[in-house]
Amino acid sequence: MGKDDFLKLLVTQLSNQDPLNPMDGQQFAAQLAQFSSVEQLLNINESMAAQAELTGLLSQSMSNSIATGLIGKQIVSSGNQIGLSDSGATPVGFKLDAAADGVTITIKDAADKVVRTIKLGSMNSGMHEISWDGKNDDGARLPEGVYAFEIQGNDADGNSVTASPIMKGTVDRVSFGAEGVLLWMGGVSVSLAAVQSVQSS
């Protein structure tokens, strides 16, 4: 019940009380105290809501400022997309949680079709990066666009080794929308929260 409704109820109660048996002073004082408590609680709620809104706006403003400051910087982020240009090689990064006896990289097009499978030998744990020449398994150059990749690692006993895809590139623009703050590296986007490290390009 809001304070206005509470006050209307109290006034109605006073207006319709029995004049021969009016509300005693103690009961009236108790109801006024209740009204004061309700009003204070509503004011506190309104103040907290306003503070939360201001905090959200400040946080959003800081995120926007940080994102625009990353334009022209090289970032490393979690993600499994590759932006293939019309020429040159494209880096493919990943992290191994343990040493692997063999690593396989599978690259897929926008239709989720496997276009290239790259088999690598033994690799130590940690961050790794290889260059993809942009060709399919038949050696034909693929059209520019956005591709996805998957990493699979196995140890000497054939057990799976946890492998995480990593994206690396230079931020050339930033967008703000319903999906949040996005950093763009060519045709590939990542969220600001996915950024793991930043360095000057």
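The values are calculated or read from the model by the stated rules, or taken from the named source; none is laboratory data. The structure presented is a predicted model; accordingly, all values stated were derived computationally and were not measured. Reconstructed Cβ throughout: ideal geometry from the backbone, glycine too, with neighbour counts over all protein chains shown.
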For ILE71, state whether it is assigned to a strand (DSSP E or B), closer than 22 Å to SER191 by Cα and of a type outside the set (Lys, Arg). no
Considering only residues that are touching a Leu at 6+ places or on another chain (Cβ under 8 Å) and either among the acidic types (Asp, Glu) or over 11 Å from LEU70 (Cα atoms) (or both), which ones fall in region 183-201? SER189, VAL190, SER191
Which numbered condition trips up ALA110, out of (1) within 25 Å of the chain's Cα centre (by Cα); (2) over 15 Å from ILE166 (Cβ atoms); (3) surrounded by 15 or more Cβ atoms within 10 Å (Cβ to Cβ)? (3)
Scan region 5-17 and tell me whether some residue there is at pLDDT 65 or above and acidic (Asp, Glu). yes
Report yes if some residue within region 125-136 is closer than 27 Å to ALA99 by Cβ, exposed (fewer than 13 other Cβ atoms within 10 Å of the Cβ) and touching a Pro at 6+ places or on another chain (Cβ under 7 Å); otherwise report no. yes
Taking SER78 as the residue in question, decide whether it is closer than 30 Å to VAL195 by Cα, out of contact with any strand residue (DSSP E or B) (no Cβ under 6 Å at 6 or more places or on another chain), polar (S, T, N, Q) and at pLDDT 80 or above. yes
ALA100 being surrounded by 15 or more Cβ atoms within 10 Å (Cβ to Cβ), more than 21 Å from GLN74 (Cβ to Cβ), in contact with a Phe, Trp or Tyr (Cβ under 6 Å, 6 or more places away or on another chain) and in contact (Cβ under 8 Å) with a residue 12 or more places away in the chain: no
Among the residues of region 117-171, what is the count of those that are out of contact with any Asp or Glu (no Cβ under 9 Å at 6 or more places or on another chain), polar (S, T, N, Q) and assigned to a strand (DSSP E or B)? 4
For region 164-201, how many residues meet the condition of being of a type in the set (Ser, Thr, Tyr), surrounded by fewer than 16 Cβ atoms within 10 Å (Cβ to Cβ) and under 14 Å from the mean Cα position of the chain (by Cα)? 2
Among the candidates LEU70, LEU42, which residue alone is at pLDDT below 90, closer than 30 Å to PRO143 by Cα, touching a helix residue (DSSP H, G or I) at 6+ places or on another chain (Cβ under 9 Å) and not basic (Lys, Arg)? LEU70
Kindly check whether there is at least one residue in region 109-132 that is among the hydroxyl-bearing types (Ser, Thr, Tyr), more than 26 Å from LYS73 (Cβ to Cβ) and touching a residue at least 40 places away in the same chain (Cβ under 8 Å). no
Over region 117-135, the set of residues closer than 16 Å to VAL161 by Cβ and over 29 Å from the mean Cα position of the chain (by Cα) is LYS119, LEU120, GLY121, SER122, MET123, ASN124
